[in-house]
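Heads up, the thing below is written out as structure tokens.
The values are calculated or read from the model by the stated rules, or taken from the named source; none is laboratory data. Everything numeric in this text was worked out from a predicted model, so none of it was measured. Cβ: placed from backbone, ideal geometry, glycine included. Neighbour counts: every protein chain shown.
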Amino acid sequence: MKKILFPTDFSKAANHAFLYALHLADRFNAEIITLHVYPFALTTLGEYYTTVLENYDIQDLNEFENYKSHVPKWHRIAEEHHYGHVPISHVLESGDTVETILEVAQSNQVDCIVMGTNGAHGITEIFFGSVTEKVMNRAHCMVMAVPSSNRHGHISRILFLTEFEEQHKTALRQLIGFAKTVEAHIDVLQVKLAFGHADEEKLLAWKAEFHSGNITFSVLNNAGTEKAIMDYMKLHHISMVAMTVKHKGLLERLFLQSMASKMAFHSEIPVLALKYENPDL
């Protein structure tokens, strides 16, 4: 991991997520690119425009230099948390928020996008509620969604949710490298209603293939998937949930939410969405 993209709407949720971006950059010896996206027609979004003007004395958001004059706050946060050595650059763009985030991530060959989530009403929800979900589903790199209630920025135990699909092995290998760098343990977990002989063989095969490393495997027989996951997280003091996000067709994206999206809004800990590789799609 060499580049981390940090989209920000200047909210408290974004500030908390910034600590995770700093922590990852420190561990991976990576740089951070902060990004603020403002809409084309600011006059149609009076409340948002007023909010920006109140927080930042910006008369023309197209002037990147003026935006940079307010950037020192990020460097102060880094210094206060002993991350002053982390390289940080800044980008200001106009356009559709989701599309711009994805374009900047791709053009800069970003390895991870770190975003804040907030369930509050108003500007933050509009720009960093559904935005996070859409970015998680469409990005071609890892995406970390950090709830606004989380402030510590450190990762010690990661829960990897899987159905033990062959395609999940690539994501797990990626996660193992990630966890090794941040010095975290990985709990690989499957939750299903019934667990048979074939499931047992598959579990043993995964254990044999991924026997090295700080990792454990578990299967829970439970019909209430989300509750079972939450109970497991509390019992084992999980500090991050990781899962693949399946790249769906257009209709599926319009009518269905991935599990990663749901977890991002209901969990009090960060969610790390990993790209789902499926040769059949």
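Test each condition in (1) modelled with pLDDT of 90 or more; (2) assigned to a loop (DSSP other than H, G, I, E, B) for Ala223 and report the one that comes out false. Failing condition for Ala223: (1). Screening the candidates His168, His185 for the property of being within 22 Å of Met233 (Cα to Cα) and modelled with pLDDT of 95 or more yields one hit, His185. The single condition among (1) surrounded by fewer than 14 Cβ atoms within 10 Å (Cβ to Cβ); (2) touching an Asp or Glu at 6+ places or on another chain (Cβ under 9 Å) that Leu204 does not satisfy is (2). Considering only the stretch 15-30, I want to know if a residue exists there that is surrounded by fewer than 19 Cβ atoms within 10 Å (Cβ to Cβ) and modelled with pLDDT under 85. For the stretch 15-30, residues surrounded by fewer than 19 Cβ atoms within 10 Å (Cβ to Cβ) and modelled with pLDDT under 85: present. Here Arg253 meets the list (1) of a type outside the set (A, V, I, L, M, F, W, C); (2) closer than 25 Å to Lys134 by Cβ; (3) at pLDDT 90 or above almost entirely, failing just condition (3).
When you scan the stretch 155-205, how many residues do you find that are at negative phi and either of a type in the set (Ser, Thr, Tyr) or assigned to a loop (DSSP other than H, G, I, E, B) (or both)?
To start, the set of residues in the stretch 155-205 that are at negative phi comprises 155-163, 165-182, 184-205.
Now narrow it down to the ones that are either of a type in the set (Ser, Thr, Tyr) or assigned to a loop (DSSP other than H, G, I, E, B) (or both): 155-156, 162-163, 165-167, 170, 181, 184, 193-196.
Of the residues in the stretch 155-205, 14 are at negative phi and either of a type in the set (Ser, Thr, Tyr) or assigned to a loop (DSSP other than H, G, I, E, B) (or both).
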